[in-house]
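Everything on this sheet refers to the single structure shown next.
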Amino acid sequence: MADLPLWRRLRGWLGRPEANAAPAPASQHARERMVDSLRRLLDDPGIPPAIREELAGDFSRVEGMLDRLERGELHVAVFGRVSAGKSALGNALLGREAFTVGVLHGTTTQAEQAALDEAREEGLVLIDTPGINELDGEARERLAFDVAEVSDLVVFVADGDLTRDELDALKTLAATQRPVLLALNKADRYAHAERDALLAQLRERARGLVREEDVVAVAARPTPARRVDVDERGHERTHEQTAPPDVAALRERLLAIARREGKTLSALNAGLYASRLTDQVSARIAESRRRLADRLIRNYCLAKGVAVALNPIPVADLLAAAGMDAAMVLQLSRVYGLPLTRAESGRLVAVISAQLAALVGAVWGMQLAASALKGVSAGLSVLVTAAAQGALAWYATVLIGRAAEHYLVAGKSWGELGAKRAVADIVAGLDRDSILREAREEILRRLRSR
C-alpha cells in the first residue's frame with residue numbers, strides 16, 4: 001500500500017462514506033455551520049454592490065472554499081526557494097507529471113492546481129507555487145502567500161539549511177494559522193550521518209514554527225546513479241540508473257494529518273478567511289457610510305448656516321434650524337441602516353442639544369444675541385452678524401450630526417458612559433476654531449454671490 005499514489009490512499013479518509021468511519025457529530029456539526037455561514041456571507045443582501053465588486057476576488061475565493069468544503073477536499077500549498085524541487089515533489093506525491101519541472105530558475109510562474117483524485121471525486125489538492133526568491137519576487141511572493149492563505153496546510157520545501165529569506169517566509173507561513181510541514185528535498189545527496197545532522201539542525205531552526213515530527217527528508221528526483229557494466233569481452237560501459245522518488249515520510253505525515261483533522265482543517269481555514277473578509281466588508285461599509293454621512297452633514301451645515309444667516313426674523317431662524325437638525329438625523333439613520341421615525345429623530349436631537357447646551361452654552365447665547373440683533377436692525381446688519389450666526393449654526397450642526405452618528409454606529413446606544421460623556425468627547429475632539437473659520441468663509445461667499 002505504501003507504493004500507491006497518495007490520492008488513492010487519501011480517497012477514503014477525505015470523504016468517501018463507504019471507506020470512511022462516520023465523522024464525530026461535533027465536527028460534522030461545525031462543518032455544517034461553517035457551510036451555512038459561508039452561504040450567508042455570499043448571499044448577504046446588506047452588502048452594497050460596489051463593495052462586492054471591489055472585493056470580487058475575495059468573494060470568489062469564499063465560493064471556492066464553499067465548493068471544496070462540500071466536496072470534502074484538503075488543499076495543500078507547496079512552497080520553497082527557486083529550484084528547491086517544489087514541482088518535482090508535487091509530481092512525486094501525485095505519482096504523475098502534473099506540474100512543470102525545469103532546470104532554469106522560475107519555471108513555476110503562477111500557482112497551478114492538480115486534484116489528487118479523479119474528477120468529481122473527493123480528495124487532496126496540491127497547489128504548486130512560484131519560488132519565494134524569484135527575480136521579480138514581490139509579485140510572485142505575494143501570489144504564493146495568497147495561495148497559502150486559502151490552503152489548509154503548507155509543505156515548505158528546502159534543499160539544505162534555511163537561508164534568512166526562507167526562515168522569514170517560514171515564519172510568515174506559520175503565522176497564517178495552518179499546519180506547516182518542512183521537507184528536506186534532495187536528501188539523497190547527503191550521507192546518512194550528514195542527513196540526520198541536517199534534519200536535526202532544521203528542527204532546531206524551525207522550533208516553534210514546525211513540529212519536530214513534521215520535519216522530514218525526501219528525494220523527489222533522486223540523482224541518477226552511475227553504473228559500470230562489463231561485457232564478456234571485458235569492455236566497460238557506463239550508464240545512469242534512475243532511482244524512484246523517495247517521498248514516503250512526507251506522504252505518511254500528510255496522510256496522518258488528513259486522517260486526524262483533514263475536514264476540520266478545511267472548515268477552520270475557511271472560517272478564518274471568511275472572518276477576515278467579513279471584517280473587510282464591515283470596514284468598507286463603515287467607511288462608505290462615513291463618507292456619505294460626512295457629505296450629508298456638510299450639506300446640512302451649509303443649508304442651515306445660510307438659512308440662519310438670511311432669516312431676518314428673530315428666533316425663527318433658530319426654530320427652522322432645529323427642524324433641519326431633526327431632518328438631518330433622520331437621513332443619517334437611513335445611511336446607517338437604523339431608520340428612526342420623525343418623533344425619534346426629534347427626541348434624539350433634543351437629548352443631544354440639551355447636552356450641548358450644558359457644555360457650550362456660550363455658543364447658543366451668542367446665537368440668540370445675534371438673532372435678536374438681526375430683528376432690531378430689521379435685517380440691515382445681516383453682513384455684520386449673519387456670517388457669525390450662520391457659522392455658529394454650522395458648528396452646532398456638526399456637533400449634532402457627529403453625536404447622532406455615534407449613537408447610530410453603536411446600534412442606537414450611547415454606550416456604558418451615557419449621552420453626556422459621548423457628547424463631551426465629540427466636542428473635545430473637534431477643532432471648533434477651524435470649523436467656525438471654514439463656515440464663516442463659506443457663508444460669506446454664498447451671501448456675497450446672491
| message | Given (1) more than 18 Å from residue 257 (Cβ to Cβ); (2) crowded, with 19+ Cβ neighbours inside 10 Å, identify the lone condition not met by residue 150. | response | (1)
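Touching a residue at least 40 places away in the same chain (Cβ under 8 Å) and under 16 Å from residue 159 (Cβ atoms) - does that describe any residue in the stretch 237-245? Break it down stepwise before answering.
Here is the first cut: in the stretch 237-245, the residues touching a residue at least 40 places away in the same chain (Cβ under 8 Å) are 243, 245.
Narrowing further to those that are under 16 Å from residue 159 (Cβ atoms): 245.
Scanning the stretch 237-245, I find at least one residue that is touching a residue at least 40 places away in the same chain (Cβ under 8 Å) and under 16 Å from residue 159 (Cβ atoms), so the answer is yes.
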| field | Pair list, Cβ < 7 Å and 6+ apart or interchain, from the stretch 422-433 residues that are under 13 Å from residue 356 (Cα atoms) to residues that are among the polar types (S, T, N, Q) | value | 423/355
| When only residues in the stretch 156-197 that are part of a loop (DSSP other than H, G, I, E, B) and aliphatic (A, V, I, L, M) count, which is surrounded by the fewest Cβ atoms within 10 Å (Cβ to Cβ)? | 191
| note | Among (1) on the phi > 0 side of the Ramachandran plot; (2) out of contact with any Pro (no Cβ under 9 Å at 6 or more places or on another chain), residue 203 falls short only on (1)
| task | Give just the number: which of (1) at pLDDT 85 or above; (2) surrounded by 14 or more Cβ atoms within 10 Å (Cβ to Cβ) does residue 436 not satisfy? | result | (1)
| With respect to residue 421, is the statement that it is under 21 Å from residue 303 (Cβ atoms), outside any loop (DSSP other than H, G, I, E, B) and open to solvent by 50 Å² or more (accessible area, probe 1.4 Å) true? | no
| said: List the strands (runs of 3 or more DSSP E) inside the stretch 198-258, counting only whole elements, that have at least 3 residues being open to solvent by 70 Å² or more (accessible area, probe 1.4 Å). | reply: 225-230, 236-241
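Take the conditions touching a Lys or Arg at 6+ places or on another chain (Cβ under 8 Å), assigned to a helix (DSSP H, G or I) and not small (Gly, Ala, Ser) and apply them to residue 296. Does it pass?
Numbers: touching a Lys or Arg at 6+ places or on another chain (Cβ under 8 Å): no; assigned to a helix (DSSP H, G or I): yes; not small (Gly, Ala, Ser): yes.
No, not satisfied.
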| query | Of all strands (runs of 3 or more DSSP E) completely enclosed by the stretch 43-142, which ones contain at least 2 residues that are at pLDDT 80 or above and open to solvent by 10 Å² or more (accessible area, probe 1.4 Å)? | reply | none
| field | Residue selected from the stretch 262-305 under the condition surrounded by fewer than 20 Cβ atoms within 10 Å (Cβ to Cβ), touching a residue at least 40 places away in the same chain (Cβ under 8 Å) and closer than 19 Å to residue 446 by Cβ, by the criterion nearest to the chain's Cα centre (by Cα) | value | 296
| field | In the stretch 316-337, the residues that are at pLDDT below 90, open to solvent by 40 Å² or more (accessible area, probe 1.4 Å) and within 31 Å of the chain's Cα centre (by Cα) | value | 337
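The values are calculated or read from the model by the stated rules, or taken from the named source; none is laboratory data. Computed from a predicted model, the values in this text were never measured in an experiment. Positions of Cβ are backbone-derived with ideal geometry, glycine not excepted, and every protein chain shown enters the neighbour counts. The accessibility values were calculated without ligands, DNA or RNA, using every heavy atom of the protein model including side chains. Shrake-Rupley method; radii C 1.70, N 1.55, O 1.52, S 1.80 Å.
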